1. Taking the residues in region A:197-230 that are part of a loop (DSSP other than H, G, I, E, B) and either more than 9 Å from chain B (Cβ to nearest Cβ) or among the charged types (D, E, K, R) (or both) as candidates, determine which candidate is nearest to A:Tyr295 (Cα to Cα).
2. Testing B:Gly10 on (1) at pLDDT 90 or above; (2) of a type in the set (Gly, Ala, Ser); (3) more than 20 Å from the chain's Cα centre (by Cα), one condition comes back false. Which one is that?
3. Would you confirm, using the coordinates I've provided, whether B:Val7 is touching a Cys at 6+ places or on another chain (Cβ under 9 Å) and away from chain A (no Cβ under 14 Å)?
4. Looking at this structure, is B:Ile53 modelled with pLDDT of 85 or more, within 12 Å of another protein chain (Cβ to nearest Cβ), in contact with a Gly (Cβ under 6 Å, 6 or more places away or on another chain) and in a helix (DSSP H, G or I)?
5. Assess whether A:Val119 counts as being in contact with a Phe, Trp or Tyr (Cβ under 6 Å, 6 or more places away or on another chain), surrounded by 12 or more Cβ atoms within 10 Å (Cβ to Cβ) and of a type in the set (A, V, I, L, M, F, W, C).
6. Take the residues in region A:273-306 that are part of a helix (DSSP H, G or I) and among the hydroxyl-bearing types (Ser, Thr, Tyr); name whichever of them is farthest from A:Met187 (Cα to Cα).
7. For residues in region A:169-193 being in a helix (DSSP H, G or I), modelled with pLDDT under 85 and out of contact with any helix residue (DSSP H, G or I) (no Cβ under 6 Å at 6 or more places or on another chain), which is farthest from the other protein chains (Cβ to nearest Cβ)?
8. Kindly indicate which of B:Leu25, B:Leu71, B:Leu29 is facing chain A (nearest Cβ under 9 Å), within 27 Å of A:Ser299 (Cβ to Cβ) and touching a residue at least 24 places away in the same chain (Cβ under 8 Å).
Amino acid sequence: MKQNPKKKNSFFEHLREWDEGNFDLTEAAMGELHPPRPERKHQNMDWVHHHLVRMEAREVSFFEHLYPFMAVILAAAMILFLLVVVSEMPAFGRADTPTNTSVVIKRYIGNGLEETGAVNIVAGVILDYRAFDTLGESHVLFTAAIAVFILLLQEHDEKEKQQDLRILKNDLILRKTATVLLPLIIMFGVYVILCGHLGPGGGFSGGAIIGGGLILYSMAFNTGNLGRVINMRSYRIIVLCALLSYSILKCYSFFCGANGLHTIFTTGTPGAIFSAGLILPLNTAVGLVVACTMYGFYSIFTKGRI
Amino acid sequence: MNIIELVLLGLLIICGIATCVSRNLMVSLIIFMAYSVVMSIIWGFLEAPDLAITEAAVGAGISSILLFITLKKIHDMRKEDGHEAESEEKEQLL
């Protein structure tokens, strides 16, 4: 920062100028090849230099005219390709397609309810048969959160905090709407997580809904209250406990070829809330990870810390 | 395929094109949110309620919020740059 305090010639400067319309990316690319010349204050510029300048200008304008055409041609080719692929696809819901004749699919649809106990077959597939994939997804999200923290986490700045409060406070419409909507949003998120094995939903979507609710709270009211509950320390504890409990609950199944242990988590009666074996705790773990990570993203983006 | 689905699919195409074409980034983001909402309704019509809920929560909710915050940060950066340029001009005048 100290070396380049005015952000001159930086990427954002270029981006801003480009957005305002008085800077051309093609010119920037040309400018890197040929560094910008000083202003022509002297009239006695030699002829070769003058000729070079004119050639460059002509090249730039040539590319300027070429880019839209190439973009249109590329987009048209892509659309054509996709339409051809769509026309080759089998009709929706036909009986002799691989999605209906595959042995795996028959097993999932035919025996899914008995083996997993989940009324929602999708939840049975992604959290019982294919639980390892979902564990990988949760870790992808966790890794993304770590990468964002590494990039954007910064030291607490007093001036920035005051600015934040000034912007976020005293919006009557936002506050009243949030007061009415927040309990419903959070409750719906919890419902979606807990009933993931009974109906549509699951850990990821429910966690995203709760994360959205937390973001709304943080926008509408003083962010300090939420910051006391979810700070860096509690974020670490929640996410690590959720991921670890997921791994520990499913590790036997991972190592023994998807054979479940006969534990207290039985398949139970389909349709009851405590049924479907491990799906309910796994959904809760995924939901906690997703909710905390979404709120963490928002908090890091706005304040530079959780 | 009834008339509501056709209208929704047409709206999807219009939203997709308008997102690319619109000059103002803020308008573009709002149209992108509308795109996600329409898409989630279409998932509902295609009998994929899991996807519908996820699309509504993630596509229309979280990702739009993150994009809005990014836009706000860019505007803040522009403002800071503008102030610096003004002060620089004043210094030069003085």
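1. Going residue by residue through region A:197-230, those that are part of a loop (DSSP other than H, G, I, E, B) are A:197-202, A:221-222, A:230.
Going one step further and asking which of them are either more than 9 Å from chain B (Cβ to nearest Cβ) or among the charged types (D, E, K, R) (or both), we end up with A:197-198, A:221-222, A:230.
Numbers: A:His197: 25, A:Leu198: 27, A:Phe221: 15, A:Asn222: 15, A:Ile230: 9 Å.
Out of the qualifying residues, it is A:Ile230.
2. It fails just one condition, (3).
3. On the way: touching a Cys at 6+ places or on another chain (Cβ under 9 Å): no; away from chain A (no Cβ under 14 Å): yes.
No; evaluated as a whole, the condition is false for this residue.
4. yes
5. On the way: in contact with a Phe, Trp or Tyr (Cβ under 6 Å, 6 or more places away or on another chain): no; surrounded by 12 or more Cβ atoms within 10 Å (Cβ to Cβ): yes; of a type in the set (A, V, I, L, M, F, W, C): yes.
In short, no.
6. First, pick out the residues of region A:273-306 that are part of a helix (DSSP H, G or I): A:279-303.
Within this subset, residues satisfying the condition of being among the hydroxyl-bearing types (Ser, Thr, Tyr) are A:284, A:293, A:295, A:298-299, A:302.
Working: A:Thr284: 14, A:Thr293: 19, A:Tyr295: 17, A:Tyr298: 21, A:Ser299: 22, A:Thr302: 26 Å.
In this case the residue turns out to be A:Thr302.
7. Here is the first cut: in region A:169-193, the ones in a helix (DSSP H, G or I) are A:172-193.
Checking which are modelled with pLDDT under 85 leaves us with A:172-175.
Add one more test, that the residue is out of contact with any helix residue (DSSP H, G or I) (no Cβ under 6 Å at 6 or more places or on another chain), and what stays is A:172-173.
Numbers: A:Leu172: 20, A:Ile173: 17 Å.
Only one residue fits best here, namely A:Leu172.
8. Working: B:Leu71 fails: facing chain A (nearest Cβ under 9 Å); B:Leu29 fails: facing chain A (nearest Cβ under 9 Å).
From the options B:Leu25, B:Leu71, B:Leu29, the qualifying one is B:Leu25.
The values are calculated or read from the model by the stated rules, or taken from the named source; none is laboratory data. As the structure is a computational prediction, the values presented were derived from the model and not from experiment. Counting neighbours? That spans all protein chains shown, and the Cβs are built from the backbone with ideal geometry, glycine included.
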